[in-house]
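For reference, the structure is listed below as structure tokens.
Values quoted throughout were computed directly from the atomic coordinates according to the rules given, and no laboratory measurement underlies them. This is a predicted model, so every value here is computed, not measured. Cβ: placed from backbone, ideal geometry, glycine included. Neighbour counts: every protein chain shown.
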Amino acid sequence: RQACGDAPPPPAEKASHCSAPEDAVSLAPCLNTDLFPGRLTSRDMSRKRQRLVPDAFGLKRRRERGQAEADPLRGESGSARAAVAELVQLFPRGLFEDTLPPIALRSQVYSLLPDRTVADRQLKELQEQGEIRIIQLGFDLDAHGIIFTEDYRTRVLKACDGRPYAGAVQKFLALVLPACGDLSFQQDQMTQTFGFRDPEITQLVNAGVLTVRDAGSWWLAVPGAGRFIKYFVKGRQAVLGMVRKAKYRELLLSELLGRRAPATVRLGLTYHVHDLIGAQLVDCVSTTSGTLLRLPET
């Protein structure tokens, strides 16, 4: 079996074989330091952000024998795995009749682990260990979905059960999934390394397990994920619009989460707020009334 590589290439490079996973992301700039008094270093901002985000959601801190445990919003261990586990609990399974595996986004993980270098390193380790799969969601080059591998396997098998392409999908899950954690696959990799014939690759595309990236290259995909992507994009814009329409283009997080979500926010306000904070589409400002979400200056 072909082993995956160690170092991801920069986003601008073409997809490579299993030896070079394409999970690099373009990191957005740090929070606007002008929003805070004085000049803050990146470490100061990271620590400040770690305090802001958990407190903002108003979640109770768990205590055991009088000792405060790690903040639940950041994951009990402050790890990427705990963060993903926390986020997939927010995924509205019922909205998709439990046909999709719960999906978290890389940007959401950043809302719980503000040190992006640490978050990316831990996600990379989970990917190499085969515990998670990372998929390209398509609406943005940096939009990466994160799925626990077992959830992915279970939902894909269920989606293809009894279909003409079930055999090709089962072969893919048995041979490719355990051996390679890349976001995309090449023609020679699929045919020579894993022994797939062209008709079988076509069946994988028809099943929604692969989507065409370019000639002779395919993204790993989730069957039926198109509806999720549509809901996510519309919901993100709607929640951003709630902040944009507020006075001074800023809104207390507690007030935002207390409002009735617009009809287009199908995935839930909290799910989208994690994304907005982690993607730095809003700035978090500490006030005496709580955390304020403010649109960055353009």
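Cα centroid distance between region 105-127 and region 188-250, in Å? Using only Cα atoms, the two centres lie 20 Å from each other.
Once you keep just the Cα pairs under 8 angstrom separated by 6 or more residues, what percentage relative contact order results for region 184-251?
It comes to 24 percent, rounded to a whole number.
What the phi angles of region 214-223 give under the Karplus curve with 6.51, -1.76 and 1.60, with θ = phi - 60°, is a coupling list of 7, 4, x, 8, 9, 7, 5, 9, 10, x Hz, glycine and proline written as x.
Nearest 0.05, what FRET efficiency do Ser254 and Lys230 give at R0 = 22 Å with Cβ-Cβ as r?
Values: r = 29 Å, r/R0 = 1.32.
E(calc), rounded to 0.05, equals 0.15.
Quick one, what does Rg over Rh come out to for region 164-298 if you take C-alpha atoms and the Kirkwood Rh? Over the Cα atoms of region 164-298, Rg/Rh equals 1.19. Taken along the Cα-to-beta-carbon direction at a fixed 7 Å, the label points for Thr154 and Gln89 span 1.6 nm.
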